[in-house]
Amino acid sequence: MSSSHDPAPAAQTTPQPPAMGLEWRNGFADLGPAFHTRLRPTPLPSPYWIGRSERVAREFGLAADWFASAEALEVLTGNAGLPGGDALASVYSGHQFGVWAGQLGDGRAILLGETAQGLELQLKGAGRTPYSRGGDGRAVLRSSIREFLCSEAMHGLGIPTTRALSATGSDRGVQRETLETAAVVARVAPSFIRFGHFEHFAANQMDDELRTLADYVIDRYYPACRHTERFGGNAYAALLEAVSERTAALLARWQAVGFCHGVMNTDNMSILGLTIDYGPFQFLDGFDPRHICNHSDTNGRYAYNQQPNVAYWNLYALGQALLPLIGEQEVAVAALESYRSVFPREFEGRMRAKLGLADAREGDRLLIDDVLKLLAAERTDWTIFWRRLSHAVRSGDFAPVTDLFIDRTGIDAWLPRLADRLGGTQDAVAGETMLRTNPKFVLRNHLGQQAIEAAQRKDFSGVATLLNLLETPFDEHAGHDAYAGFPPDWASTIEISCSS
Ligand code: AMP
Ligand code: MG
């Protein structure tokens, strides 16, 4: 973060209704002033498009001609208001790197409103808010491209995530380690509420607000908790259990695809179990269980193999925050228990799918553990291994798989075990399933980096190409094999930190 280059938000002028063809409301705004501050985004001069997702526009219900308009560019950069929307920044707190950080909040994200179908639209990098804490309220081009692309990449992979409608830029300077330029990501999600929202009201002994927030989340997103028979009908304990289960399922998917989030602070944990706040994330290249993707994470708190435990730690912090509503400590602990059974079950399920196994059998866990050991021993490329294995199971030709290993004794012993388990060395049906499970394309750091460097020269075609590939990462996309190859040597020198 750095000091501001932006003027204070201008006095509101009456905006012309944009022909977005949508009715707006804002359920979160109705919670009251303890939860947020109403304010408008700070405009950016001469905005331009960096990337646009037609898919999100359609799902959001936007008219295609509006999304293509100059007005859309202004609204999605924060330069024009959204009539009927109720722009606000929300307050939350949280634990960062395991330490209580106190009040944080939307320091640069502004919620514009919510559609009648219940999707919120938020601008990230839209200027200062009362929660900016000395930051400039801005986001830079490189981090915005990464968030824009990764949101849609995760969705393409079938992983719950906030979505990205667009990324827009401006030549307005933003000071980080060097002088960069500003960008805004328009994000879409049913809700951007984080564990940290609950921690905020708990830490400040604001039990009424805590209850209001929990009731809102239950009624809007977890209505089944109202009618639970578990925990003696305790809806708040049921909420904690439901969030634990969604988080467990999310973590299983991250681990299976080799996704490292990089900053799993409690303020970056979605109450809906969505991947949220893309910063120094990385998809694994070679399989290193202890891989640390965040250059600022010197102790490896958020290393790849730590993620499932950290999620549980974060859920514990959420449980602590919900304790005034849940009542009994033992009940809260019981509600958290589900994580410890759901995560391994879900993870094994994802790994079995990666192996083309349609059902669960005894011994599967050993088969999985053994292949993970082989991959770790040689730092075998995670994505390429699984994709080649999928093709091999379909065709019966395993040479491209064994070629990935210098020492082939291990893989030569393991492959027959898989074939045995599948019931033959060739299984076209299992192979097809594997090709729909093990992606060809993931947003590797070097791919993002190339698109960013082109965008810094005002060439946004790389962003569009990647978006197209990552939206359907299981398709072959003839002619684009270069995007599915091994990372170049320089990829390991890319340093990505919390700076964004
Ligand atoms: P993050 O590390 O991006 O999850 O952000 C942690 C906290 O810092 C959140 O409250 C953010 O809103 C805030 N923050 C990060 N960058 C900035 C910035 N440039 N200006 C204001 N607040 C920021
Ligand atoms: Mg954050």
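Here the gap between residue 177 and residue 412, fully extended at 0.36 nm per residue and compared with their Cα-Cα distance, gives a gain of 79.7 nm.
For the chain, divide the Cα radius of gyration by the Kirkwood radius and give the resulting Rg/Rh value with two decimals. Before the final figure, lay out each step's value.
Values: Rg = 23.0 Å, Rh = 23.7 Å.
Radius of gyration over Kirkwood radius for the chain works out to 0.97.
Just the number please: accessible area per residue for the chain, 1.4 Å probe, all protein chains included, in Å².
Values: 19510 Å² over 500 residues.
With the other protein chains kept in place, the chain gives 39 Å² per residue.
Carbon and sulfur together cover what percent of the accessible area of the range 357-435 at a 1.4 Å probe radius? After summing per-atom areas, the C and S share lands at 53 percent.
Would you work out if the range 357-435 is rounded, prolate or oblate? Take a ≥ b ≥ c from the square roots of the eigenvalues of the alpha-carbon gyration tensor; rounded if a/c is under 1.5, else prolate when a/b is larger than b/c, oblate otherwise. It comes out oblate by the Cα gyration axes.
Accessible area of residue 155 (1.4 Å probe, protein heavy atoms only, ligands and nucleic acids ignored): about 70 Å². Look at the dipole of the range 139-214 built from charges on Cβ: of 157, 190, 174, the Cα furthest out on the positive end belongs to 157. Summarising the label geometry, the points placed 7 Å from Cα in the beta-carbon direction at residue 226 and residue 428 lie 5.1 nm from one another.
Report, as a whole number in µm² per second, the diffusion coefficient that Stokes-Einstein gives for the range 196-349 at 37 °C and 0.692 mPa s using the Kirkwood radius over alpha carbon pairs.
205
Return the inverse of the average 1/r over all pairs of distinct C-alpha atoms in the range 136-259, which is the Kirkwood hydrodynamic radius, in Å to one decimal.
Working: mean 1/r = 0.0580 Å⁻¹.
Kirkwood hydrodynamic radius for the range 136-259: 17.2 Å.
If you roll a 1.4 angstrom probe over the protein chains with everything in place, what fraction of the accessible area of the range 73-131 belongs to carbon and sulfur, to the nearest %? All intermediate terms of the calculation are to be shown ahead of the outcome.
Working: 780 of 1580 Å².
That fraction is 50 percent.
Net charge in the neighbourhood of residue 48 (other residues with Cβ under 9 Å of its Cβ; Lys, Arg +1, Asp, Glu -1) is 0.
What's the long-distance tail for the range 442-485, i.e. % of Cα pairs beyond 17 Å?
Numbers: 253 of 946 pairs.
Distances greater than 17 Å cover 27 percent of the Cα pairs.
The equivalent ellipsoid of the range 89-160 has semi-axes of 23, 17, 15 Å, largest first, where each one is the square root of 5 times an eigenvalue of the Cα gyration tensor. Entry note, the range 282-410: relative contact order of 27 percent, from Cα contacts under 8 Å with a spacing of 6+ residues.
Surface composition of the range 196-349: carbon and sulfur make up 47 percent of the accessible area, probe 1.4 Å.
Mean separation of Cα pairs under 8 Å and 6+ residues apart, divided by the residue count of the chain: what relative contact order is that in percent? Walk me through the intermediate numbers first.
Details: 980 pairs, mean separation 73.4, N = 500.
15 percent.
Over the range 357-435, Cα pairs under 8 Å with separation of 6+ residues give a relative contact order of 38 percent.
Taking one quarter of the surface of the C-alpha convex hull of the range 263-311 gives a mean projected area of 3.5 nm².
May I ask for the angle, rounded to the nearest 10°, between helix 207-221 and the longest principal axis of the chain, with both axes built from Cα atoms and the value confined to 0 to 90°? Here the helix axis deviates by roughly 60 degrees. A straight chain from residue 490 to residue 472 at 0.36 nm per residue would run longer than the Cα-Cα distance by 3.8 nm.
For the range 48-192, the Cα gyration tensor yields ellipsoid semi-axes of 23, 18, 16 Å (square root of five times each eigenvalue, largest first, whole Å).
The values are calculated or read from the model by the stated rules, or taken from the named source; none is laboratory data. None of the values given here were measured: they were computed from a predicted structure. No Cβ is skipped: glycine too gets one built from the backbone with ideal geometry, and neighbour counts run over all protein chains shown. To get the accessible areas, we keep the full protein, side chains included, count just its heavy atoms, and leave off ligands, DNA and RNA. Shrake-Rupley method; radii C 1.70, N 1.55, O 1.52, S 1.80 Å.
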